[in-house]
Amino acid sequence: MTSLDRKTGVSHEGAAIPGKARRWRAFSLLAVAFFMTVIDLTIVNVALPTIGRKLHFPQSDLQWVVTAYALTYGGFLLLGGRAADLLGRRRLFMTGLAIFTAASLACALATGDTFLIIMRGLQGLGAAVVLPAALSIVMNMFSEGAERNKALGAWGGIGATAATAGLLAGGLLTQYAGWRYIFFLNVPIGAAALLLARRVVPESRLRSARRRYDPLGAVTVTGALVLLVYAISQAPTAGWASARTLALLATAAALLAGFLVIETRAEAPLLPLRLFRLRTLAGSNAVAFLLGGSFFSLFFIGTLYMQQVLGYSALKAGVAWLATSVTALALAGPAQILVTRASAKLVMAAGMVLIGAGILWAAQVPAHGHFWANLAGPLFLAGGVAFAFVAVSIGALAGVTDHDAGIASGLLNTSQQIGGAIGVAVSSTVAATHSRLLMSQGHAAAAALTGGFQWAFWVSGLTALAAVPLTFLLIRRTEIAGAVAAALQQKPPVPAPAE
């Protein structure tokens with residue numbers, strides 16, 4: 001069955017909205033796949049020391065178990081989103097899920113460091129195809145307004161919960177089953193999702209007289225993002241002022257500038273710059289960037305503090321993060337209600353305030369800290385990230401037409417992942433620099449490490465709070481609330497600006 005997009009003149013194969021029961025069955029399956037890809041961003045963190053010992057990793061290369069995933073994940077999201085729109089969203093979802101599941105099995109069977117790193121990169125590529133395809137399917141299944149906000153609210157809550165649950169799951173599996181099971185876990189879940197996808201998930205794609213691609217745009221933006229993530233991941237080791245880091249950053253900037261020029265002239269651009277006329281979309285992506293930068297830095301620095309200063313095991317560090325997961329789970333439901341009945345703008349700002357306040361509270365941790373006295377409060381408070389995740393997921397897609405659903409969802413996830421990569425690189429550099437300085441002044445190792453982590457927490461906390469003024473400046477309440485009100489009154493939603 002096909003339907004016509006009135007704004008673009010492009011028809012959508014399979015675009016008819018399925019019945020309510022089928023929509024939510026499909027949503028559940030897509031959410032499981034989303035949960036898997038997000039959890040793999042953090043599940044390896046607490047297992048890294050064990051993986052390093054078992055596979056005899058050089059200490060300098062151990063970071064690549066995390067970085068290889070983030071590099072391909074962040075670098076290919078935009079391309080994955082546009083490919084889903086053109087080639088079929090369910091088809092691309094299943095392709096990405098197959099790649100992700102197969103790479104997970106290969107990671108679990110790895111016997112050497114190089115093979116594990118390559119397979120982690122392949123996992124990230126699969127995730128970059130799965131995520132925008134899955135989110136754009138959700139966009140096409142639910143009409144804009146209250147029901148879509150409910151779905152996107154649940155989606156945001158799942159993302160916030162998965163990120164923290166990964167740390168707990170990594171600790172439990174590493175302690176009781178072995179590090180390989182953090183990857184084996186994906187295999188039966190991914191296989192089951194693949195078997196059910198064709199039956200449960202509706203297909204949709206853009207159908208026009210001919211499929212028009214933007215190969216130059218795809219090459220330049222993907223190259224720019226991959227080089228950017230690579231440069232910032234290596235900067236703490238090579239040095240931010242080193243010739244290699246500066247050359248990589250300059251090349252990434254040149255490619256990004258070239259991409260913007262290409263997009264203004266392309267007949268069918270990979271990233272239509274007209275999307276940024278939607279101030280709420282632009283603002284939500286800016287907030288998503290700062291959200292990723294602050295929240296993933298909290299995970300990174302917090303886990304190092306627990307293991308290197310307090311001497312926590314992988315399991316104990318994972319259990320400690322349960323405090324954040326509990327709050328995120330508890331707030332996911334209220335966040336969905338508030339963005340629909342009150343204001344997504346205020347919910348987004350409140351979420352970023354809670355994250356920032358929690359991280360700045362964590363900046364007070366001492367060298368000989370205790371969980372309940374020094375960590376529990378900040379971690380519970382940072383669980384307010386559910387408010388931000390839910391509101392950002394809705395704001396970044398408010399007013400977006402079916403024609404641009406895949407690319408808009410890819411852009412949202414790219415903003416979060418690139419923000420996270422930059423945030424982790426900056427916070428690790430700050431921590432290492434101040435720790436070395438304190439050690440050179442004669443401080444004990446624990447005190448020097450704690451001092452470095454405190455500075456990193458300050459940077460991350462202020463990053464989160466910087467999103468609050470952006471929220472009030474850029475997010476338009478009417479672009480979200482108008483669609484909700486129209487849906488509740490059973491009127492057509494407020495249309496997106498014309499191209």
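Assorted remarks:
- Residue-wise HN-Hα coupling along the range 246-253, computed from phi with Karplus coefficients 6.51, -1.76, 1.60 (Hz; x: Gly, Pro): 5, 5, 5, 5, 5, 5, 4, 5
- Dmax and Rg, reported as Rg then Dmax, of the range 123-175 (C-alpha, Å): 14.3, 45
- Percent RCO, i.e. relative contact order, over the range 215-265, from Cα pairs under 8 Å lying at least 6 residues apart: 52 percent
- Cα gyration tensor shape of the range 132-289, rounded if a/c is under 1.5, else prolate or oblate by comparing a/b with b/c: oblate
- With Cα atoms, 0 to 90° folded angle of helix 186-200 axis to the chain main axis: 10 degrees
- Pair residue 337, residue 444: separation of 7 Å Cα→Cβ label points (nm): 4.9 nm
- Label assignment, Rg/Rh (Cα atoms, Kirkwood Rh) derived from the structure, set (1) 0.96; (2) 1.07; (3) 1.22: (1)
- When +1 charges are put on Lys and Arg Cβ atoms and -1 charges on Asp and Glu Cβ atoms, the dipole computed for the range 37-188 relative to its Cα centre reaches about 180 debye.
- Per-pair calculated FRET efficiency, R0 = 22 Å: residue 105 and residue 28 via Cβ, rounded to 0.05: 0.40
- Across the chain, Cα pairs under 8 Å and at least six residues apart give a relative contact order of 22 percent.
- Helix 344-362 vs. the chain, principal-axis angle (Cα, 0 to 90°, nearest 10): 10 degrees
- Gain on full stretching of the segment that runs from residue 260 to residue 21 - 0.36 nm per residue minus C-alpha separation: 81.8 nm
- 3J(HN,Hα) along the range 384-393, derived from phi through the Karplus expression 6.51 cos²θ - 1.76 cosθ + 1.60 where θ = phi - 60°, amounts to x, 4, 4, 4, 5, 4, 5, 5, 5, 4 Hz, with x in place of Gly and Pro.
- Across the range 295-312, the residues whose backbone nitrogen lies under 16 Å from the label position 7 Å along the beta-carbon direction of residue 371 are 302-312.
- Tilt relative to the chain, helix 322-341 - C-alpha long axis, 0 to 90 degrees, to 10: 30 degrees
- Helix-only mean residue ellipticity at 222 nm for the chain, each DSSP H run of n ≥ 4 adding -39500 (n - 2.57), per residue, nearest 500: -25000 deg cm²/dmol
- Note on the chain: Lys pairs 8 or more places apart or on different chains, Cα atoms under 30 Å apart, count 11.
- Around the Cα centre of the chain, unit charges on the Cβ atoms of Lys, Arg, Asp and Glu (plus for the first two, minus for the last two) sum to a dipole of about 960 debye.
- If you plug the beta carbon distance of residue 87 and residue 462 into 1/(1 + (r/R0)^6) with R0 = 45 Å, you get a FRET efficiency near 0.60.
- In terms of its Cα atoms, the range 291-401 spans 50, 24, 22 Å along the principal axes, sorted from long to short.
- Whole-Å semi-axes of the range 215-265's equivalent ellipsoid (Cα gyration tensor): 24, 10, 6
- Candidates 45, 389, 169 compared by Cα position along the dipole of the chain: farthest toward the positive end lies 389, with charges placed on Cβ.
- Cα gyration tensor, the range 16-59 - rounded (a/c under 1.5), prolate or oblate: prolate
- In this simple spin-label approximation, residue 219 and residue 436 carry label points 7 Å from Cα along the Cα→Cβ vector, and these lie 3.8 nm apart.
Each value in this text was obtained by applying a stated rule to the coordinates, not by laboratory testing. Since we're looking at a predicted model, the values are computed, not measured. When we count neighbours, we look across all protein chains shown, and the Cβ atoms used for this are built from the backbone with ideal geometry, even at glycine.
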